[in-house]
Amino acid sequence: AQSVTQLDSQVPVFEEAPVELRCNYSSSVSVYLFWYVQYPNQGLQLLLKYLSGSTLVKGINGFEAEFNKSQTSFHLRKPSVHISDTAEYFCAVSLYNQGGKLIFGQGTELSVKP
Amino acid sequence: DVKVTQSSRYLVKRTGEKVFLECVQDMDHENMFWYRQDPGLGLRLIYFSYDVKMKEKGDIPEGYSVSREKKERFSLILESASTNQTSMYLCASSFGTTYNEQFFGPGTRLTVL
């Protein structure tokens, strides 16, 4: 069965520090990979997605993620975070030919402190 | 801009009540989804629909049903609400195939007493 594991439930970090949010997935078939962000009291919005091609994907708000097929990982990074990046981040996979169903990880709460 | 709206932000119901959660999208998307979000569990798919009057079970359909009579509207029904259905419910929609992003509504926080 397919699954997504986000290795850290909470990540506290100081403003302007770099951050990495880790995501590993398990699947026997091809997948598409997504990172979504949920700001407090809001729905989710797409940060970035990997479909094919270059394994380094750039998204909104200065975030990027790298797809590593051999390690089945899709870690999210930002070189310098802001207070406004405080949110919950979800990694998700969509299975090829499964009509857009997403399997989500447990979420990582990023808390940026001044 | 794509907009997905949900009928209520907060809802309080009693055990045994029938509960309707409504979701409307304005971008003519074929696909619509209902998730529940619980701390430490992420989002789990309850039901989804690829077209009007079509529905498929997700990972946790027990205790829920859905209705899609019009393309823009997807309703989640709790036939007899129970306390373990207290949760945040998120609706989403997407266009076409597997790799298109889903657009989410703001969520409904349901409390069942």
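The values are calculated or read from the model by the stated rules, or taken from the named source; none is laboratory data. Because the structure is a prediction, the values reported are computed rather than measured. Here the Cβ positions follow ideal geometry from the backbone for every residue, glycine too, while neighbour counts run over all protein chains shown.
Of all residues in the range A:73-97, those that are outside any loop (DSSP other than H, G, I, E, B) and closer than 26 Å to B:R36 by Cα total 15. Close Cβ contacts (under 7 Å, 6 or more residues apart or on different chains) running from residues in the range A:39-61 that are touching a residue at least 12 places away in the same chain (Cβ under 8 Å) to residues that are part of a loop (DSSP other than H, G, I, E, B) and surrounded by 12 or more Cβ atoms within 10 Å (Cβ to Cβ) comprise A:L46/B:E101; A:L47/A:G59; A:L47/A:F63; A:L48/A:G59; A:L48/A:F63; A:K49/B:E101; A:L51/B:Y99. Taking A:S70, is it of a type outside the set (V, I, T), within 27 Å of B:E56 (Cβ to Cβ) and either more than 14 Å from chain B (Cβ to nearest Cβ) or in a strand (DSSP E or B) (or both)? No: the conditions fail for A:S70.
Restricting attention to the range B:73-99 and to residues that are surrounded by 18 or more Cβ atoms within 10 Å (Cβ to Cβ) and not in a strand (DSSP E or B), the residue that is nearest to the other protein chains (Cβ to nearest Cβ) turns out to be B:T98. Tallying residues that are at pLDDT 95 or above and not aliphatic (A, V, I, L, M) within the range A:85-104 yields 6. Picking from residues in the range B:39-53 that are surrounded by 13 or more Cβ atoms within 10 Å (Cβ to Cβ) and in a loop (DSSP other than H, G, I, E, B), the one that is farthest from the other protein chains (Cβ to nearest Cβ) is B:V52.
Just one residue in the set B:S75, B:S80 is at pLDDT 95 or above, under 25 Å from B:G16 (Cα atoms) and out of contact with any Gly (no Cβ under 9 Å at 6 or more places or on another chain); that residue is B:S75. Taking the criterion of being hydrophobic (A, V, I, L, M, F, W, C) and at pLDDT below 90, would at least one residue in the range B:50-66 satisfy it? Yes, some residue in the range B:50-66 is hydrophobic (A, V, I, L, M, F, W, C) and at pLDDT below 90.
Of all residues in the range A:1-22, those that are more than 11 Å from chain B (Cβ to nearest Cβ) and touching a Cys at 6+ places or on another chain (Cβ under 7 Å) total 0.
Kindly indicate whether B:G16 is more than 10 Å from chain A (Cβ to nearest Cβ), at positive phi and of a type in the set (G, A, S). Considered against the rule, which asks whether it is more than 10 Å from chain A (Cβ to nearest Cβ), at positive phi and of a type in the set (G, A, S), B:G16 comes out as yes.
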